[in-house]
1. Across 5 Å bins from the origin, how do the percents of Cα pairs in region 1-115 run, short distances first?
2. 7 Å from Cα along Cα→Cβ at both His41 and Phe59: what's the point-to-point distance in nm?
3. Through the Karplus equation 6.51 cos²θ - 1.76 cosθ + 1.60, θ set to phi - 60°, convert the phi angles of region 4-14 into ³J(HN,Hα) values in whole Hz; use x for Gly and Pro.
4. If you average the C-alpha positions of region 66-141 and of region 1-56 separately, how far apart do those two centres end up, in angstrom?
5. Note down the accessible area of Asp56, probe 1.4 Å, to the nearest 10 Å².
6. Pairs of Cα atoms under 8 Å, at least six residues apart: use those to get the relative contact order of region 66-141, whole percent.
7. With a cut-off of 8 Å between alpha carbons and a minimum separation of six or more residues, what is the relative contact order of region 3-137 in percent?
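The values are calculated or read from the model by the stated rules, or taken from the named source; none is laboratory data. Everything numeric here is computed off the predicted structure, so don't read it as measured data. Glycine gets a Cβ as well: all are built from the backbone with ideal geometry, and neighbour counts include every protein chain shown. Areas reflect the complete protein model, heavy atoms only, side chains present, ligands, DNA and RNA absent. Shrake-Rupley method; radii C 1.70, N 1.55, O 1.52, S 1.80 Å.
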Amino acid sequence: MAIERTLSIIKPDAVAKNVIGKIYDRFESAGLKIVASRMAHLSQNEAEQFYGVHKDRPFFKDLVNFMISGPVMIQVLQGEGAIAKNRDLMGATDPKKAEKGTIRADFADSIDANAVHGSDAPETAAVEVAFFFPGMNVFNR
Ligand code: UDP
């Protein structure tokens with residue numbers, strides 16, 4: 001399988017719970033490398049742009065408000081099949097439906113406050129990585 005990069009965000013709920021390190025451990029234990037990372041408090045404009053594909057969905061406003069409610073930790077994960085691997089580690093969008101042992105099953109409270117974001121395909125991964133880490137801010141290691 002090809003080496004890929006994917007964008008991951010630890011959302012405000014998980015940052016507030018102080019579990020950044022525990023979530024990073026899931027990534028590293030699964031063989032994914034953190035090749036860029038930064039903490040940010042997103043502006044409304046950034047959150048609206050980032051989740052633009054969902055702008056017509058009923059949950060869009062709440063999603064944006066949640067994403068700007070506190071700082072987030074943003075990282076690029078690199079490794080074999082990184083996009084699908086990260087989605088497996090995350091678990092289903094609704095933590096009640098997420099498989100045992102996944103990040104969302106263990107750290108998320110609800111479908112809106114669901115601990116993590118992860119790109120869902122190569123095209124979105126490329127756009128999302130460039131959105132938060134333009135230019136040379138991602139490392140090869
Ligand atoms: N979301 C929500 N209510 C819903 C569906 C989605 O609040 O009914 C939020 C949730 O935080 C989710 C995000 O919108 O993580 C993006 O939705 P998507 O379907 O892309 O899920 P994901 O890829 O994050 O699992």
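1. Per 5 Å bin, starting at zero, the Cα-Cα P(r) for region 1-115 comes out as 2, 12, 20, 23, 23, 14, 4, 0 percent.
2. 2.6
3. These are the phi-based 3J(HN,Hα) values: 10, 10, 9, 9, 10, 10, 8, 6, x, 5, 6 Hz.
4. 5
5. For Asp56, solvent-accessible area is about 140 Å².
6. 25
7. Rounded, it is 38 percent for region 3-137.
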